[in-house]
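> Quick one: the structure is below, and I'll ask about it shortly.
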Amino acid sequence: APDALEPSPLIDEIKSPLVRNAEAAAVARSLGLVKQTSRQIRRSTRSSVRQSVRIASVDDNGTKPIWLVLFFTIAAIVASISLTSDWHVGVLLVCLIIMVICAVFLFALPKSPPPATFTCPMVPAVPLMGIICNSYMMGSIASSTWSVITAWLLVGVLFYFGYGIHHSELKVKRKPKAAPMEVPVLTIHDSTALL
């Protein structure tokens, strides 16, 4: 009879590691060494991981897209100027590396769902390609042309701030209209009242 109570070594070999772990966990719980079951531990671990890993939203972007696009644009313009000029190849490589880094970060930013109206397809790929094309055209312009463009832009800015901003229709529409003055009307019924 005492042999029947002892487990045979053959049965221990047949038991899987999961069964042995479950038995060990049951023994540990019965002795008070562990207060939670493995299922409770897994559940609490999952919930704490979910709380610590917060999904990024568009609100977290802040001004990151503005700065990334600005650096991308400046690097693209300098790269296009270095292509058309006799600049060192290192300048072109540095600008290309900056452009790639900015593009990778822009692609990694969370995006808002598209509105029901028209949106630019494949954002940010299409806008970045547009920046590259326009930068190449700007870099291909001769420096004498840039001086003429700068002069005309300066004339336009001076005209806008000198005249346009003060006489715009939007500013006229936004001005609060003064309430008409009420002039008391004196009616005289009796001509003797004045005397």
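The values are calculated or read from the model by the stated rules, or taken from the named source; none is laboratory data. Remember, it's a predicted structure, so these values are computed and weren't measured experimentally. In this analysis, Cβ positions are derived from the backbone assuming ideal geometry, glycine residues included, and neighbour counts consider all displayed protein chains. With ligands, DNA and RNA removed, areas are computed over all heavy atoms of the protein, side chains included. Shrake-Rupley method; radii C 1.70, N 1.55, O 1.52, S 1.80 Å.
> So which of Leu128, Leu96, Leu83, Leu68 ends up being among the hydrophobic types (A, V, I, L, M, F, W, C) and without any contact (Cβ under 8 Å) to a residue 24 or more places away in the chain?
After applying the criteria, what remains is Leu96.
> Pull up region 67-106, narrow it to residues that are open to solvent by 50 Å² or more (accessible area, probe 1.4 Å) and outside any helix (DSSP H, G or I), then point me to the one that is nearest to Ala142 (Cα to Cα).
Result: Asp86.
> Right, next: Can you tell me which residue among Tyr160, Tyr136 is more than 22 Å from Cys95 (Cβ to Cβ), open to solvent by 100 Å² or more (accessible area, probe 1.4 Å) and hydroxyl-bearing (Ser, Thr, Tyr)?
Of the residues listed, the single one that is more than 22 Å from Cys95 (Cβ to Cβ), open to solvent by 100 Å² or more (accessible area, probe 1.4 Å) and hydroxyl-bearing (Ser, Thr, Tyr) is Tyr160.
> Restricting to region 115-147, name every residue that is more than 17 Å from the chain's Cα centre (by Cα), closer than 18 Å to Pro65 by Cβ and among the β-branched types (Val, Ile, Thr).
Ile131, Ile132
> Any chance region 132-154 includes a residue that's touching a Cys at 6+ places or on another chain (Cβ under 7 Å) and assigned to a helix (DSSP H, G or I)?
There is no residue in region 132-154 that is touching a Cys at 6+ places or on another chain (Cβ under 7 Å) and assigned to a helix (DSSP H, G or I).
> Can I ask one more? Name the residues in region 108-125 that are open to solvent by 50 Å² or more (accessible area, probe 1.4 Å) and either out of contact with any helix residue (DSSP H, G or I) (no Cβ under 8 Å at 6 or more places or on another chain) or small (Gly, Ala, Ser) (or both), would you?
If the condition is that a residue be open to solvent by 50 Å² or more (accessible area, probe 1.4 Å) and either out of contact with any helix residue (DSSP H, G or I) (no Cβ under 8 Å at 6 or more places or on another chain) or small (Gly, Ala, Ser) (or both), then Ala108, Ser112, Pro113, Pro114, Pro115, Ala116, Thr117, Phe118, Thr119, Pro121, Met122, Val123 are the ones that fit.
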